[in-house]
Amino acid sequence: MIVGAPIAPQHREQLRERLATMNADIGLADPDNSVLPFGKFDALHTARFVMIEDPSLGDRIEHARSYPVHEPDWLIFLAVCDGSADRLITDMERSASKGLASLFCNCIGFDPEIPIGQWMSEHRLKPDASYRNWPGRSMVQIREEAALHHALLKTQLANREASLGELNQRLREVGRSVPLTPIPRPSITERVANCLSFLSLPVAALLLAPILLVLLLPFLIILRLRETSDPVLAHKIDRERNNALMALEDHDITNPYSAVGSRKPGPFYFMFSKVALWVINWGARHIYSKGRLARVNTIHFANWVFLDSNRRLFFASVYDGSREAYNDDFINKVAFGLNLSFTSALGYPRTRWALFEGARHEEDFKRYLAHHQVPTQVWYKAFPNLSTYDLARNARIRAGLEKPLKGTALRRWIAEI
């Protein structure tokens with residue numbers, strides 16, 4: 001769920017101060033803060049508030065003159081939850097209507113006479129693409145499987161001298177004592193909807209094939225001409241700004257990433273970006289849905305959403321490890337995906353056929369990221385100190401507990417603990 005609205009300029013500092021009261025420490029929200037107590041919402045995975053103050057707008061003066069030089073700053077609230085966004089908004093309105101109003105009242109067009117839940121629903125932003133590490137993994141499952149792993153690890157450490165058979169028996173006795181809610185299976189309606197969504201890309205490609213074949217050569221010519229002439233804006237990294245961003249990071253094993261930038265002007269890149277993100281969204285749902293985005297398994301969530309009549313793109317992700325390692329993973333393992341996502345972005349490193357090079361120009365790419373990243377003022381994660389690897393391991397441990405194991409399979413299961 002993404003809720004966003006432009007910030008009233010005269011309220012910018014007031015909003016910044018209000019957001020700061022939500023943090024227990026720099027870079028980490030207080031789960032019990034008085035504005036929006038994240039810890040009360042059992043279905044909530046992660047949440048953030050971001051004040052988008054775009055550091056890259058100055059690039060438009062020379063390279064995107066058809067765009068306005070100024071854009072409004074935005075307040076973005078992004079939450080990942082189980083169930084529907086409507087239900088989360090209702091729960092938040094019931095528990096924290098005054099706190100939410102104290103934040104969004106700083107936005108242009110806020111009406112205190114409208115219930116805050118209605119106002120948030122009216123200001124929801126639909127992402128053009130989304131990625132989720134493992135769709136269907138609920139907070140109930142995460143918490144219960146973490147408790148199971150803790151109990152089994154404690155038992156294993158207490159029985160170091162036990163034989164394999166004895167250890168297996170004791171582990172299973174302890175495991176059966178840990179409450180585990182059955183993992184729900186998708187309903188028939190959900191399966192049908194997922195099947196139809198899967199078919200959307202091949203069916204569209206088949207139906208449009210005659211038109212696409214006619215347009216392919218002109219498209220490739222225009223694309224290549226643009227790629228070889230579009231400016232690359234590899235600004236020198238601002239040390240002071242970079243240090244301020246670094247101060248917000250690495251307070252948990254997982255970090256948030258927020259960035260914003262302008263789309264290259266013109267209808268060609270508008271259509272290209274829309275189609276590219278639609279394809280990425282399809283792939284994230286149907287191909288990269290089992291814990292990995294290509295060869296990268298450290299990303300929990302990611303969202304791409306356009307702002308300001310599609311002139312700017314806001315990108316937000318949740319990843320494990322340091323920012324440097326995160327950037328290197330993209331460069332080395334999934335550069336083609338980054339290029340497809342951002343070759344339409346003003347100043348992006350030069351690509352070849354929209355898939356190649358681009359992020360592989362490491363220095364230009366890292367300078368580009370540093371120029372477009374914005375601080376995440378409030379960041380909450382409901383499962384601290386658990387990485388995507390931990391979540392996947394815990395799920396495998398549970399699966400091993402629920403079926404008989406012998407020999408090598410048993411040894412592997414115990415080794416996982």
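The values are calculated or read from the model by the stated rules, or taken from the named source; none is laboratory data. Since we're looking at a predicted model, the values are computed, not measured. Note that we place each Cβ from the backbone using ideal geometry, even for glycine, and neighbour counts take in every protein chain shown. Areas reflect the complete protein model, heavy atoms only, side chains present, ligands, DNA and RNA absent. Shrake-Rupley method; radii C 1.70, N 1.55, O 1.52, S 1.80 Å.
Taking only segment 1-22 into account, find how many residues are assigned to a strand (DSSP E or B) and either of a type in the set (G, A, S) or open to solvent by 40 Å² or more (accessible area, probe 1.4 Å) (or both).
Let us first name the residues in segment 1-22 that are assigned to a strand (DSSP E or B), namely 2-7.
With either of a type in the set (G, A, S) or open to solvent by 40 Å² or more (accessible area, probe 1.4 Å) (or both) added as a condition, the list becomes 4-5.
The number of residues fulfilling the criteria is 2.
If you check V318, V296, V275, V305, which single one turns out to be free of Cβ contacts under 8 Å to residues at least 60 places away in the same chain, of a type in the set (V, I, T) and in contact with a Lys or Arg (Cβ under 9 Å, 6 or more places away or on another chain)? Walk me through how you get there before you give the answer.
Numbers: V318 fails: free of Cβ contacts under 8 Å to residues at least 60 places away in the same chain; V275 fails: in contact with a Lys or Arg (Cβ under 9 Å, 6 or more places away or on another chain); V305 fails: free of Cβ contacts under 8 Å to residues at least 60 places away in the same chain.
Among V318, V296, V275, V305, only V296 is free of Cβ contacts under 8 Å to residues at least 60 places away in the same chain, of a type in the set (V, I, T) and in contact with a Lys or Arg (Cβ under 9 Å, 6 or more places away or on another chain).
Got at least one residue in segment 337-356 being in a loop (DSSP other than H, G, I, E, B), in contact with a strand residue (DSSP E or B) (Cβ under 9 Å, 6 or more places away or on another chain), open to solvent by 50 Å² or more (accessible area, probe 1.4 Å) and at pLDDT 95 or above?
Pass one, segment 337-356, residues in a loop (DSSP other than H, G, I, E, B): 343-344, 346, 348-350, 353-355.
Filter again for in contact with a strand residue (DSSP E or B) (Cβ under 9 Å, 6 or more places away or on another chain), leaving 343-344, 346, 348-350.
Subset that is open to solvent by 50 Å² or more (accessible area, probe 1.4 Å): 350.
Add one more test, that the residue is at pLDDT 95 or above, and what stays is 350.
Yes.
If R143 satisfies every condition in (1) open to solvent by 40 Å² or more (accessible area, probe 1.4 Å); (2) within 30 Å of E240 (Cβ to Cβ) but one, which is the exception?
So the condition that R143 fails would be (2).
Per-residue answers, yes or no, for (1) open to solvent by less than 70 Å² (accessible area, probe 1.4 Å); (2) over 30 Å from F268 (Cα atoms); (3) not in a helix (DSSP H, G or I):
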residue	(1), (2), (3)
L167	yes, yes, no
R185	no, yes, yes
A193	yes, yes, no
L201	yes, no, no
A209	yes, no, no
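Just to be sure before I move on: is A5 under 20 Å from K98 (Cβ atoms), of a type in the set (A, V, I, L, M, F, W, C) and touching a strand residue (DSSP E or B) at 6+ places or on another chain (Cβ under 8 Å) in the structure I sent?
Numbers: under 20 Å from K98 (Cβ atoms): yes; of a type in the set (A, V, I, L, M, F, W, C): yes; touching a strand residue (DSSP E or B) at 6+ places or on another chain (Cβ under 8 Å): yes.
Yes, satisfied.
Looking at R132, R137 in this structure, which one is over 30 Å from K406 (Cα atoms) and touching a residue at least 60 places away in the same chain (Cβ under 8 Å)? Write out each step before concluding.
Details: R137 fails: over 30 Å from K406 (Cα atoms).
The match here is R132.
May I ask you to list the residues in segment 78-113 that are β-branched (V, I, T) and closer than 22 Å to P9 by Cβ? Explain how you work it out, then say what you get.
As a first pass, look at segment 78-113 and keep what is β-branched (V, I, T): 80, 89-90, 108.
Selection gives I108 alone.
Can you confirm whether segment 241-258 contains a residue that is loosely packed, with under 13 Cβ neighbours inside 10 Å and free of Cβ contacts under 8 Å to residues at least 24 places away in the same chain?
The answer is yes, given that some residue of segment 241-258 is loosely packed, with under 13 Cβ neighbours inside 10 Å and free of Cβ contacts under 8 Å to residues at least 24 places away in the same chain.
Quickly run through segment 255-290 and pick out the residues that are closer than 19 Å to N339 by Cβ, outside any helix (DSSP H, G or I) and among the basic types (K, R).
Correct list: R263, K264.
Tally the residues that are buried (at least 18 other Cβ atoms within 10 Å of the Cβ), over 8 Å from the mean Cα position of the chain (by Cα) and among the polar types (S, T, N, Q), restricting the search to segment 298-322.
Adding up the residues that qualify gives 1.
State which residue is nearest to S273 (Cα to Cα) when the search covers only segment 216-246 and only residues that are part of a helix (DSSP H, G or I) and among the β-branched types (V, I, T).
Residues of segment 216-246 part of a helix (DSSP H, G or I): 216-229, 239-246.
Then keep just the ones that are among the β-branched types (V, I, T); that gives 221-222, 228.
Numbers: I221: 17, I222: 15, T228: 18 Å.
It comes out as I222.
Only one residue in A382, A392 is in contact with a Gly (Cβ under 6 Å, 6 or more places away or on another chain) and modelled with pLDDT of 95 or more. Which one? Write out each step before concluding.
Values: A382 fails: in contact with a Gly (Cβ under 6 Å, 6 or more places away or on another chain).
On inspection, the qualifying residue turns out to be A392.
Counting only residues that are crowded, with 17+ Cβ neighbours inside 10 Å and not basic (K, R), give me the helices (runs of 4 or more DSSP H) lying completely in segment 56-124 with at least 2 of them.
Values: elements: 60-63, 85-104, 116-122.
Once the helices (runs of 4 or more DSSP H) in segment 56-124 are filtered for at least 2 residues that are crowded, with 17+ Cβ neighbours inside 10 Å and not basic (K, R), what remains is 85-104, 116-122.
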